[in-house]
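Heads up, the thing below is written out as structure tokens.
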Amino acid sequence: MKKTTNDRLRKNERKKPIPALDWQIGEFERHANLELVIPEEVLMICRLLDLTPKALVEEFLDDLSKGYSVTGDSESNHLSEYFLRKDFGEFKFSVENIWSMLVELNAIHGLWPKGANTEFIEFHSQWRSKYLQYWFKKWKREA
């Protein structure tokens, strides 16, 4: 029997990793398949630049996840400032608290052990994962 697109999609859905945290389900699933309406202008720019919309969104999210660096003027800083100007989360946190979150994310990101051996990188990755859970719980209590 020939496999259909739906069969392949169902198979891919079953391959998703188990969430690291119990709330990483539904709309907050880490390995989410998002359905977006991409503005035509953005799609045209992406096509002209030979940049997929997926790559564009992934790059934005990666830059935002790095937080805000108090020592440099990077893409992450510009995106963090944009994020603050949009007032996301204003009903739960002050701008100062959201700023602190972004600065702390940058500090965590900056601890990556460049040039370390594989064993240490594995150890660091496990520590970082646990530390991010601590960071999340700390801010969740503040909400």
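Taking K and R as +1 and D and E as -1, what net charge do the other residues with C-beta under 13 Å from the C-beta of Cys46 add up to? Don't skip to the end; give the middle numbers.
Values: positive: Arg47, Lys54; negative: Glu40, Glu41, Asp50, Glu58, Glu59.
Summing Lys and Arg as +1 and Asp and Glu as -1 gives -3.
Suppose a student asked you for the relative contact order of the stretch 66-141, using Cα pairs under 8 Å spaced at least 6 residues apart; what percent would you report?
Details: 39 pairs, mean separation 25.1, N = 76.
The normalised contact order for the stretch 66-141 reaches 33 percent.
Provide the per-residue ³J(HN,Hα) series for the stretch 128-140, in order, calculated from phi with Karplus coefficients 6.51, -1.76, 1.60 and θ = phi - 60°, each as a whole number of Hz, with x at glycine and proline positions.
4, 4, 5, 5, 5, 5, 4, 4, 4, 4, 4, 6, 5
Could you pull out every one of the aspartates and glutamates with an alpha carbon less than 17 Å from that of Lys140, ignoring same-chain neighbours closer than 8 positions?
Within the straight-line limit of under 17 Å, Lys140 reaches these aspartates and glutamates: Asp22, Glu90, Glu96, Glu104.
Through the Karplus equation 6.51 cos²θ - 1.76 cosθ + 1.60, θ set to phi - 60°, convert the phi angles of the stretch 48-62 into ³J(HN,Hα) values in whole Hz; use x for Gly and Pro.
4, 8, 6, 10, 6, x, 4, 5, 4, 5, 4, 5, 4, 5, 5
Could you bin all the Cα-Cα distances of the stretch 66-143 into 5 Å bins starting at 0 and give me the percent of pairs in each, rounded to whole numbers?
3, 14, 21, 20, 19, 13, 6, 3, 1
Can you give me the three principal axis dimensions of the chain from its C-alpha atoms, in Å, biggest first?
Principal-axis extents of the chain (Cα, largest first): 56, 41, 37 Å.
Just so you know, all these numbers are worked out from the coordinates, no wet-lab data involved. Please read these numbers as outputs of a predicted model, since none were measured by experiment. For neighbour counting, all protein chains shown are included, and Cβ atoms are generated from backbone atoms with ideal geometry for every residue, glycine included.
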